C-alpha cells in the first residue's frame, strides 16, 4: 500500500492561520448583529479622562461583565486599547448581561460623541458577535 503524504498549499487555511493567526481565518466568518442603541454611563467619573480625547466615531469598544456591588448586571466598556470608558447604563444592561453570562460575545461601536460643557455624551450601538 502506497503512503500518502499530507500536502498543504500556500493559500490554505492552515497556512493563513500559521502565518497571520487564527483571527484572520475566523474574521470572514464573523458578523455583528445590531441589537440596541444606548450610551456610555459614568464618563464623568473616569479616573483617567484622557481616554475621552483618544476615541472617535466608529471606534469599536469591548464589553466585559464586572462583579459590582451596586449593580448585579454591570457591564464595563473598554476601548480596544484596554482603557476604561464607562458602563452600559443600568436601565439597559439586564438582557445584555444575561447574553454575556450565557457565553455570547458582545461589542459596541461609537455612533456619536457630544461634548456638553464638562460632560461628554457617547452614543453607542451594541452588537452581538456571531460566528
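Do we have residue 23 as at pLDDT 90 or above and either closer than 17 Å to residue 129 by Cα or not in a helix (DSSP H, G or I) (or both) here?
Numbers: at pLDDT 90 or above: no; either closer than 17 Å to residue 129 by Cα or not in a helix (DSSP H, G or I) (or both): yes.
Taking the combined requirement at face value, the residue does not satisfy it.
For (1) touching a residue at least 12 places away in the same chain (Cβ under 8 Å); (2) touching a helix residue (DSSP H, G or I) at 6+ places or on another chain (Cβ under 8 Å); (3) assigned to a loop (DSSP other than H, G, I, E, B), each residue gets a yes or a no:
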{"residue": "62", "(1), (2), (3)": "yes, no, no"}
{"residue": "67", "(1), (2), (3)": "no, no, yes"}
{"residue": "70", "(1), (2), (3)": "no, no, yes"}
{"residue": "73", "(1), (2), (3)": "yes, yes, yes"}
{"residue": "78", "(1), (2), (3)": "yes, no, no"}
{"residue": "94", "(1), (2), (3)": "yes, no, no"}
{"residue": "99", "(1), (2), (3)": "yes, no, no"}
Please specify each residue of segment 34-66 satisfying the condition of being modelled with pLDDT under 95 and loosely packed, with under 11 Cβ neighbours inside 10 Å.
44, 45, 47, 48, 50, 53
Sort out which residues of segment 34-43 are within 12 Å of residue 84 (Cα to Cα) and not in a loop (DSSP other than H, G, I, E, B), and write them in order of number.
41, 43
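Among the residues in segment 107-125, are any at pLDDT below 95, assigned to a helix (DSSP H, G or I) and out of contact with any strand residue (DSSP E or B) (no Cβ under 9 Å at 6 or more places or on another chain)? Walk me through how you get there before you give the answer.
Filtering segment 107-125 down to residues at pLDDT below 95 leaves 115-120.
Next, from what is left, pick out any that are assigned to a helix (DSSP H, G or I): none.
There is no residue in segment 107-125 that is at pLDDT below 95, assigned to a helix (DSSP H, G or I) and out of contact with any strand residue (DSSP E or B) (no Cβ under 9 Å at 6 or more places or on another chain).
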Restricting attention to segment 46-60, which residues are in contact (Cβ under 8 Å) with a residue 24 or more places away in the chain and not in a loop (DSSP other than H, G, I, E, B)?
51, 52, 54, 60
Per the list (1) touching a residue at least 24 places away in the same chain (Cβ under 8 Å); (2) closer than 21 Å to residue 46 by Cβ, residue check on residue 116 breaks on (1)
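The values are calculated or read from the model by the stated rules, or taken from the named source; none is laboratory data. These figures come from a predicted structure and were not determined experimentally. Neighbour counts are summed over all protein chains in view; Cβ atoms, including those assigned to glycine, are modelled from backbone coordinates with ideal geometry.
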